[in-house]
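Read the structure below first, then the notes.
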Amino acid sequence: MKLTVVVSLVAQIISKLTSATISHVTGISPTAKKWDYRTLVTMTIFRVVFAGTVLQGVTLGQLQDYTTKDKEVRGKMWVAKATIRSPDDNDTDMRESVFEAIEKSNLSTAELKYTKPALAEGGLLVEWTGVRSGVGDKESLPDISEDEKYHGLMTDSARTSKVTILYFHGGAFMMSGLATYRDFVTKIAENAGGRVCNVAYRLAPQHPFPSQLLDGLMVYLSLLYPPTGSMHEAVPVNEIVFAGDSAGANLCFALVQLILQLQRSSSHNSKQATLRFWNRNVTVPLPAGIAVTAPPFDLSTSLPSHKNNADFDYLMPFEKVFPLIAPDAIWPTSPPRADVYCDLGLFDHPLVSPITASSWAGAPPTWISIGQESVADDSLFIAKVMAEEGVIVHLEQFEAMPHGFAIMLQRLAAAKKCIANWGSFCQDCVEKPEALATRAVWVKVDGTQDEIDIAKVTELDHDEVRALMEVGKRRRHEFMEAQKT
């Protein structure tokens, strides 16, 4: 980072922090009685950074390079790297099944515009991650093979549950990677008593929708039906839970909606979806559960919480941040695209914005955790709809917490509670599914919580959501047109 950018960044942080401190001490700020001073400082820094100052002159390529850097594995974790191989070029049924599902689940009359991607060349990197017992925080992994590390993970005394968590990381589909999330997914594994398969799915804008959907399905099927030479043995479907944060949480729900669409399109009386994978017929069942935090289910970012919860969050609108990013070989795209992830016409597609899905009937037990954040309405609406359709839904909303607080503010009691509940739900999906029940809670800053009627968590209905999304799409279109002048 250039010295001038650093100086400017520090100056802005000092300026913003000075005014924020005065508002905090005098009680003027809405967060004065909600956040401690350390949280105020952290959030002030986040807001300056996400406002775009640090992005001025930075390219998306540089941002990807920085956030996907590998680092040495240290501490109380097992990490075994493996490559999930892509099926052969002539084994096209999985790809075609995804493209067909995209067409059939389209709710718009407009023609869909997207490129049909190939499967990941050379496969996808994943990390099998779990707790490593009896070592210090700074201890390196032993100098052994990846297979031996995997054996260490599988036989560690900390692994007390059969649950396998298939994890998709956050990062707006365009950044972050395995190393960024190692510490965090280890905590999820610890609280679940299980293991995590952390996926390095392909990133946009080089790989737009539906590349990530293909990647997620391929890894999931590879857990169920491992190709020859895989590090892992077949994982029973009733031991797999989809999990993720932010964009990765969106991907979890899109993947479940994809499977539901495959089932709806099935010609079998059982409605069990089938396709060919590695040249054999396989079923595509639903996982044992879904467990996510901070999910953006509406890519148009149009719902009221974006304005109503601004005091408690740091996320900035696309229209404010992206003009600051310097052009490079990967962005802007040619021809121009309204979003790094997909074309504007796909914003209201249910596999892009799951909030528009026509039905969630049959979905597995679902856990959603959110803060009092900008995308909160997305989750409140989808939780209400799923519960109405008979899905077991556990919704937790944490007062005054920002987007991704469980990851970015891990020292807070709210974050620790969220992570503990997350792991427990994943374990219960596998070990005690009969104990799961629908509920919604509002977790206060003092740690106490109130039960909420999940049917009343939001007054939004499908028509209102659709109308708001249309406004958001027009706003993005106008922004893109203005960039041409």
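Bear in mind that the values in this text are calculations on the coordinates, not laboratory data. If you're wondering where the values come from, they're calculated on a predicted model, not measured in any experiment. Ideal geometry is used to build each Cβ from the backbone, glycine not excepted, and the neighbour counts take in all protein chains shown.
For this structure, a couple of remarks:
- Residue-averaged [θ]222 nm for the chain, counting only DSSP H segments that reach four residues, each worth -39500 (n - 2.57): -12000 deg cm²/dmol
- Percentage relative contact order, segment 360-418, counting C-alpha pairs under 8 Å, at least six apart: 41
- Estimated FRET transfer efficiency when R0 is 30 angstrom, pair residue 410-residue 432 (beta carbons, to 0.05): 0.65
- Trypsin sites (Lys or Arg not before Pro) lying in DSSP loop within segment 78-121, provided at most 13 other Cβ fall within 10 Å: 113
- For residue 168, the residues whose amide H sits under 5 Å from its own are 243, 244, 245, ignoring neighbours fewer than 5 places away on the same chain, with H placed 1.01 Å from N.
- Relative contact order computed over segment 3-56 (Cα-Cα under 8 Å; 6+ residues apart), in percent: 50
- Straightening the chain between residue 451 and residue 264 buys 63.9 nm, computed as 0.36 nm per residue apart minus the Cα-Cα spacing.
- Dipole axis of segment 1-123 (+1 Lys, Arg; -1 Asp, Glu on Cβ), positive-most option in 8, 114, 87: 8
- Above-threshold pairs, the threshold being 30 Å between Cα atoms, out of 71/432; 34/320; 71/113: 71/432; 71/113
- Given charges at beta-carbon only (K, R positive; D, E negative), |dipole| of the chain in Debye: 880
- Cα centre as origin, Lys/Arg/Asp/Glu Cβ charges: segment 329-485 dipole, Debye: 600
- Applying a DSSP loop filter and a limit of 16 other Cβ atoms within 10 Å to the GluC sites (Glu not before Pro) in segment 415-485 leaves 459.
- Interchain or long-range residues, amide H under 5 Å from residue 367's placed H: 290, 291, 292, 394
- Centre-to-centre, using Cα atoms only, segment 246-314 and segment 15-89 are separated by 26 Å.
- Partners of residue 484 within straight-line reach, counting aspartates and glutamates whose Cα lies under 20 Å from its Cα and excluding those fewer than 8 residues away in the same chain: 319, 328, 339, 343.
- Extension gain (nm, one decimal) between residue 471 and residue 183, 0.36 nm per residue minus Cα-Cα: 99.8 nm
- Normalising the average separation of contacting C-alpha pairs (under 8 angstrom, six or more residues apart) by the number of residues puts the relative contact order of the chain at 17 percent.
- Size of charge dipole - segment 88-133 - debye, nearest 20, with Cβ of Lys, Arg +1 and Asp, Glu -1, no other charges: 320
- Cα gyration tensor shape of segment 84-235, rounded if a/c is under 1.5, else prolate or oblate by comparing a/b with b/c: prolate
- Restricting attention to the chain, close to 40% of DSSP beta bridges with both partner residues there are antiparallel.
- Shown is the FRET efficiency for residue 72 and residue 37, computed with R0 = 45 Å from the Cβ-Cβ distance and rounded to the nearest 0.05: 0.85.
- Where GluC sites (Glu not before Pro) fall in DSSP loop in segment 57-106, at most 10 other Cβ within 10 Å: 72
- Calculated FRET efficiency for the pair residue 146/residue 49, C-beta based, R₀ 25 Å, to 0.05: 0.10
- Cα centroid separation - segment 206-227 against segment 120-198, whole Å: 18
- Fully extending the segment from residue 329 to residue 138 would add 64.9 nm, taking 0.36 nm per residue of separation and subtracting the current Cα-Cα distance.
- Virtual spin-label span in nm between residue 83 and residue 276, 7 Å along Cα→Cβ: 2.5
- By the equivalent-ellipsoid construction on the alpha carbon gyration tensor, segment 3-56 comes out with semi-axes of 23, 10, 8 Å, ordered largest to smallest.
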